[in-house]
Amino acid sequence: MKKTDLGTEIYDHAIQCGFDNCGIISIDAINGFKELFQKRINDVPQSKFFYDTVGDLQGTKERFPWAKSIVLLTFNFGKFRYPKELQGRYAKAFFLHADKNCKSGFDLPRLEQWFAKRGIRAEGGDQFGHISVGSLRYFAAKAGLGMIRKNNFFYTENGSYNTLFGYVIDKECELIHDVKLVPCGEKCDLCQRACKSKALYSPYTIDPLKCVSYWTTFGNSDIPEWLSSDMFEEWVCGCDNCQDACPHNRRHDWNTGESFSNLDEIAPLILPNNYENLSDEFLIEQVIPKTADHMQKSEVSALRKNAKRALNYHSTTYEGK
Ligand code: SF4
Ligand code: SF4
C-alpha cells in the first residue's frame, strides 16, 4: 500500500463516517482516461449518444482546475437484505443506494464537515448526481479499491453491489491499495449469457442502446424497434442480470441481512400488478427517490410503462394469458 500522512487521516475519517474503504489518487493518475474513453467511443460509436446524455465524464481536470487529488469511497450493500418482491424487478444498487436515516449507512455530510474543519477544499459526494466528479469506476480502480470486470461493473472483494463516491480535494496526498482480487476467468461469459438483450455483447463492451437498465431509466421507456418487450422480463427499473449471474456476487444471500429503510413495507405495494392502485404522488414520493438519480419526478409515466410491460411479461410467461 502507498500512503501519505494526510491520506491516512482522510481514510480514518471516511471509515468513521460509515464507508467500507477509501483510496486516494493524485489528479494526474487519471491522465489515461481520455484515451480509454475515446477508444470506447471508437469501438462502440452508438455509445456516444449515451455518454452525451450522462454528461462530461472526461473533464475532471477542466471542471476542477484547483484539484490536486481525488478521494474515492466505497460502500457495500451486501449487509442488507432485499425484499423478494423487488428482486428481478428493481435494481438492487438503486434501491439500496441512499437513505439519510439509515443507521447502517454512510454519512457524507459528516465527512464534508470534517473536510471543512480540516481546511480541505472538497467537492463531489452527491453534489453532481450520477456524473459525480468523473469516471468513479476508473478512478477507484486506480486507487486499488477493486477492479472493473468483464460486465463493466466495479467489484470490491464483496462483489459489484456497492456504491462509489468521489471528492476532488485541493491537497496533495495518496492512499493506494494493493488489489487482491482474482480476475475474471478467461473463458467465463456467464454475464454475457445472462444479458437477454445482448447489450453485453463482448467482454468489457456494452451497447447502452440495447441495455434494459438504460431503457427503463434514462431512456424514458421509449423502447426502440431493435428490442422486444420480452427481453425486459419483469424489470421495472434497472436490470441486475449480468451482475446476478456472476460467481463473484454469489457470496450474499439477498434474503438475509439487515432490513433497509422502508423497503419491506413498500415492496408488496409496488409490484407491477398494483400500479393501477398507486397515485402519481405515491410514485413521486416513494419510488422515484429510490432510483439513485436514474429517474426524475417528471418521468412517472415512464415508470408506469415499465410496470405495465413487466406485468404483461408475467401474465404471458407464468399465467399463459
Ligand atoms: S444491465 Fe441488463 S441489459 Fe444491461 S448489460 Fe447488464 S444484463 Fe444486459
Ligand atoms: S460473470 Fe464471469 S466474465 Fe462476467 S464479470 Fe463475472 S467472472 Fe467476469
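The values are calculated or read from the model by the stated rules, or taken from the named source; none is laboratory data. Keep in mind the model is a prediction, meaning the values are calculated, not measured. Glycine also receives a Cβ, built like all others from the backbone with ideal geometry; neighbour counts cover every protein chain displayed. Side chains are part of the model used for accessible areas, which takes the heavy atoms of the whole protein and leaves out ligands, DNA and RNA. Shrake-Rupley method; radii C 1.70, N 1.55, O 1.52, S 1.80 Å.
For the condition within 16 Å of ligand 2 (Cβ to nearest atom), surrounded by 17 or more Cβ atoms within 10 Å (Cβ to Cβ) and over 21 Å from the mean Cα position of the chain (by Cα), what is the one hit in Cys173, Cys188, Cys184, Cys195?
Result of the check over Cys173, Cys188, Cys184, Cys195: Cys188.
Over 15 Å from the mean Cα position of the chain (by Cα) and within 30 Å of Gly105 (Cα to Cα), is that true of Gly219?
yes
State whether one or more residues within the stretch 48-55 are assigned by TED's automatic domain parsing to the domain that holds Ala143, touching a residue at least 12 places away in the same chain (Cβ under 8 Å) and open to solvent by less than 20 Å² (accessible area, probe 1.4 Å).
No.
Within the stretch 195-253, can you find the residues that are of a type in the set (S, T, N, Q), within 8 Å of ligand 1 (Cβ to nearest atom) and part of a loop (DSSP other than H, G, I, E, B)?
Across the stretch 195-253, the qualifying residue is only Ser197.
Looking only at the stretch 105-122, which residues are modelled with pLDDT under 95 and either open to solvent by less than 30 Å² (accessible area, probe 1.4 Å) or in contact with a strand residue (DSSP E or B) (Cβ under 6 Å, 6 or more places away or on another chain) (or both)?
Gly105, Phe106, Leu108
Taking the condition surrounded by fewer than 18 Cβ atoms within 10 Å (Cβ to Cβ) and either assigned to a helix (DSSP H, G or I) or not basic (Lys, Arg) (or both), does Glu265 pass?
yes
Within 16 Å of ligand 1 (Cβ to nearest atom), at pLDDT 95 or above and either closer than 21 Å to Leu111 by Cα or not in a loop (DSSP other than H, G, I, E, B) (or both): is that true of Tyr155 in this structure? Don't jump to the end; show me each part of the working.
Details: within 16 Å of ligand 1 (Cβ to nearest atom): yes; at pLDDT 95 or above: yes; either closer than 21 Å to Leu111 by Cα or not in a loop (DSSP other than H, G, I, E, B) (or both): yes.
The answer is yes for Tyr155.
Which of the residues spanning the stretch 116-152 are in a helix (DSSP H, G or I) and closer than 14 Å to Leu73 by Cα?
Leu136, Arg137, Tyr138, Phe139, Ala140, Ala141, Lys142 - these are the residues of the stretch 116-152 that are in a helix (DSSP H, G or I) and closer than 14 Å to Leu73 by Cα.
Out of Asp293, Asp240, Asp280, report the one residue that is open to solvent by less than 50 Å² (accessible area, probe 1.4 Å), among the acidic types (Asp, Glu) and touching a helix residue (DSSP H, G or I) at 6+ places or on another chain (Cβ under 7 Å). Before the answer, list the steps.
Values: Asp293 fails: open to solvent by less than 50 Å² (accessible area, probe 1.4 Å); Asp280 fails: open to solvent by less than 50 Å² (accessible area, probe 1.4 Å).
When all the criteria are applied, what remains is Asp240.
Could you check the stretch 20-39 and list, in sequence order, the residues that are touching a residue at least 60 places away in the same chain (Cβ under 8 Å) and either part of a helix (DSSP H, G or I) or crowded, with 17+ Cβ neighbours inside 10 Å (or both)?
Of everything in the stretch 20-39, those that are touching a residue at least 60 places away in the same chain (Cβ under 8 Å) and either part of a helix (DSSP H, G or I) or crowded, with 17+ Cβ neighbours inside 10 Å (or both) turn out to be Asp20, Asn21, Cys22, Gly23, Ile24, Ile25, Ile27, Ala29, Ile30, Phe33, Leu36, Phe37.
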